[in-house]
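We did not get these values from a lab; they are worked out from the coordinates using the rules stated. These numbers were taken from a predicted model, which means no experiment stands behind them. Neighbour counts run over all protein chains shown; Cβ positions are idealised from the backbone, glycine included.
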Amino acid sequence: IIVWRAPYRYGLLGPNGYGKTTLLRHIQHGAIPVSESWDVFLVEQEAHATDNKVIDEVLSADATTVKLLKEEDDIMKELDEAADDEAKAADTENIMKLQDRLEEVIKDLSAREADKQE
């Protein structure tokens, strides 16, 4: 029996062929239930070589975090453009919406600890 307790992080250690990856795949596919609040993702052991940074490869396995980081970047660019463009700066309603959404995205990223993953 495995007992998982929040907020701890767990690592599996053992010799090759003892089922660590199989266990994680069962958890990922729902055969072994875990809390619905958990995000489970695997980074393959035998990843194909790319020119990407290691952090980008790890984060790409977590699509939600990647999406939030991109949205944060897009909103920041829009706000920067508005600061440089009088017509966009005059659209205070849109700027307020962007700022509100940016706050939500930052809260979501903080909850996911995306800033610590980087």
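Over the chain, what is the relative contact order in percent, taking alpha-carbon pairs closer than 8 angstrom and at least six residues apart? Walk me through the numbers on the way to the answer.
Numbers: 46 pairs, mean separation 22.0, N = 118.
Dividing the mean separation by the residue count of the chain yields 19 percent.
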Quote to one decimal, in nm, the extra length available between Asp85 and Trp4 on full extension: 0.36 nm per residue of separation minus the C-alpha distance between them.
24.0 nm
What are the extents of the Cα atoms of region 1-42 along their three principal axes, listed from largest to smallest and rounded to whole Å?
30, 21, 20
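More than 19 Å apart: what percent of Cα pairs in the chain qualify? Don't jump to the answer; show the numbers that get you there.
Numbers: 4308 of 6903 pairs.
When every Cα pair of the chain is considered, 62 percent fall beyond 19 Å.
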Rank Leu79, Val54, Leu98 by how far each Cα sits towards the positive end of the charge dipole of the chain (+1 on Lys, Arg Cβ; -1 on Asp, Glu Cβ) and give me just the farthest.
Val54
